[in-house]
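*Asks:* Just dropping this structure here.
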Amino acid sequence: MSRFFEWYGDPILVWSAVVEPEVQGVERFLTAQPIDLIREGKIHEVPLIIGITEGEFGGVVTGIERLVKEGNTSIFDTLNTRWNTIAPMSFMYERDTPRSKHISQELHQFYFGNQPINRESYDGISQIYADSVIIFPVHRAAQLIANSSKLPVYFYKFSYKGHFSFATWNDTTPYGPPVHHDDLQYLFYMSAIFPYFNSSDPEIQMVERYTAMWANFVHTGEPIPNNDEMFNNVKWERFTKENDKYLNIDLHPTMKQGIFPERMALWERLFPLPPPSHSIDYQKSIKS
């Protein structure tokens, strides 16, 4: 994998879905861009739970801090001197165009202001990675699916911070909010990374809630039983583009509105949806 990276561990996504060419006698799995298929309603409609962890890929700053403690600050030097080159590659948008440069400058101003990037910039670094890699794409996907499906979409933000994490400042101290995959330790026992949670461990409360949520969704199509004290008697309302409602998952789950609204508004403005293609068959569209 390291051979595919251009700068440290970036770009994070090396492979993505492709529209398959038409080959005689071979069934095509993907005949159009997924975004076009979703917008035209060509999806299998099922109830959907979709969401994020509060910190997502923000944990990259722990890796940067380890390099800095070893005396290697070159990552800051590169970000400050080659921002217009690094940003499109790391945050995955078009490169080497006037539009690309404009986007890069807008992102820098929003997350870092006019300041140089250094150890004081960890909040901005963590947020721009989280937003570009996971939060904005997931939020947009939820909007598109909710708009195309008659069945409910349930959005969540996992905010519970336990004693263990995939991203840590040292051997014992987790990075601030829960990061990508941190919620999985409350669903599955991952013995190579995390301990087994016993009934006396504080994390067991989240294990019981989180497993109950997913199990109830599998059995009933609804993630939370009505009037359940384990879930603070909360009713998980379905997500729509208009209401932007989500369940904040911690030991006291609550319904909230607006997933990082200022940050999402920035990405929506910089990456507006194009008009629908109205052409589902990719091969026919490029031949016409």
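The values are calculated or read from the model by the stated rules, or taken from the named source; none is laboratory data. Here the structure is a predicted model, which is why all the values come from computation and not from measurement. Every residue, glycine among them, receives a Cβ derived from its backbone with ideal geometry; neighbour counts consider all protein chains shown.
*Asks:* Looking only at region 7-36, count every residue that is loosely packed, with under 12 Cβ neighbours inside 10 Å, touching a residue at least 40 places away in the same chain (Cβ under 8 Å) and under 27 Å from Gly59 (Cβ atoms) and tell me the total.
*Replies:* Residues in region 7-36 being loosely packed, with under 12 Cβ neighbours inside 10 Å, touching a residue at least 40 places away in the same chain (Cβ under 8 Å) and under 27 Å from Gly59 (Cβ atoms): 1 in total.
*Asks:* Determine if region 102-114 includes at least one residue that is at positive phi and either without any contact (Cβ under 8 Å) to a residue 40 or more places away in the chain or not polar (S, T, N, Q) (or both).
*Replies:* Yes.
*Asks:* List the pairs whose first member sits in region 269-283 and is at pLDDT below 50, whose second member is surrounded by 14 or more Cβ atoms within 10 Å (Cβ to Cβ) and not in a loop (DSSP other than H, G, I, E, B), and whose Cβ atoms are under 9 Å apart, counting only residues at least 6 apart or on separate chains?
*Replies:* So the pair list comes out as Ser279/Asp36; Ser279/Ser285; Ile280/Asp36; Ile280/Leu37; Tyr282/Asp36.
*Asks:* Next question, about the same structure. Please go through region 1-46 and pick out each residue that is over 30 Å from Ser90 (Cβ atoms) and hydrophobic (A, V, I, L, M, F, W, C).
*Replies:* Scanning region 1-46 gives Val23, Val26, Ile43, Val46.
*Asks:* OK, next. For Phe76, only one of the following conditions fails: (1) touching a strand residue (DSSP E or B) at 6+ places or on another chain (Cβ under 7 Å); (2) farther than 18 Å from Glu56 by Cα; (3) aromatic (Phe, Trp, Tyr). What is its number?
*Replies:* So the condition that Phe76 fails would be (1).
*Asks:* Also, I was wondering about something else. Quick one: in region 215-235, of everything that is part of a loop (DSSP other than H, G, I, E, B) and within 27 Å of the chain's Cα centre (by Cα), which residue is surrounded by the most Cβ atoms within 10 Å (Cβ to Cβ)? Give the steps one after another, and end with the answer.
*Replies:* Going through region 215-235, the residues part of a loop (DSSP other than H, G, I, E, B) turn out to be 221-228, 232-235.
Now drop any that are not within 27 Å of the chain's Cα centre (by Cα), which leaves 221-225, 232, 234-235.
Working: Gly221: 11, Glu222: 16, Pro223: 20, Ile224: 22, Pro225: 14, Asn232: 14, Val234: 15, Lys235: 12.
Once the filter is applied, the top-ranked residue is Ile224.
*Asks:* Which of the residues belonging to region 80-110 are outside any loop (DSSP other than H, G, I, E, B) and closer than 19 Å to Val14 by Cβ?
*Replies:* Hits for region 80-110 are Thr85, Ile86, Ala87, Pro88, Met89, Ser90, Phe91.
*Asks:* Can you tell me which residue is modelled with the lowest pLDDT among those in region 171-212 that are over 14 Å from Ile249 (Cα atoms) and among the small types (Gly, Ala, Ser)?
*Replies:* Gly176
*Asks:* Give Phe155, Phe166, Phe136 a once-over and let me know the one that is in contact with a strand residue (DSSP E or B) (Cβ under 7 Å, 6 or more places away or on another chain) and closer than 30 Å to Glu40 by Cβ.
*Replies:* Unique residue meeting the criteria: Phe155.
*Asks:* So, in region 101-133, how many residues would count as being among the β-branched types (Val, Ile, Thr) and farther than 16 Å from Trp267 by Cα?
*Replies:* So the answer is 1.
*Asks:* Looking at (1) under 23 Å from Leu184 (Cβ atoms); (2) at pLDDT below 95, which is the only condition Asn114 fails?
*Replies:* Failed condition: (1).
Every residue, every condition in (1) more than 30 Å from Arg66 (Cα to Cα); (2) out of contact with any helix residue (DSSP H, G or I) (no Cβ under 7 Å at 6 or more places or on another chain), yes or no:
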| site | (1), (2) |
| --- | --- |
| Gly124 | no, no |
| Ser132 | no, no |
| Ser148 | yes, no |
| Tyr154 | yes, yes |
| Tyr175 | no, no |
| His180 | no, no |
| Phe197 | no, no |
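*Asks:* For residues that are within 23 Å of Ile12 (Cβ to Cβ) and surrounded by 15 or more Cβ atoms within 10 Å (Cβ to Cβ), tally how many sit in region 185-201.
*Replies:* Matching residues across region 185-201 total 2.
*Asks:* Within region 149-170, track down each residue that is part of a loop (DSSP other than H, G, I, E, B), modelled with pLDDT of 95 or more and either among the aliphatic types (A, V, I, L, M) or over 23 Å from Leu187 (Cβ atoms) (or both).
*Replies:* Hits for region 149-170 are Ser149, Lys150, Leu151.
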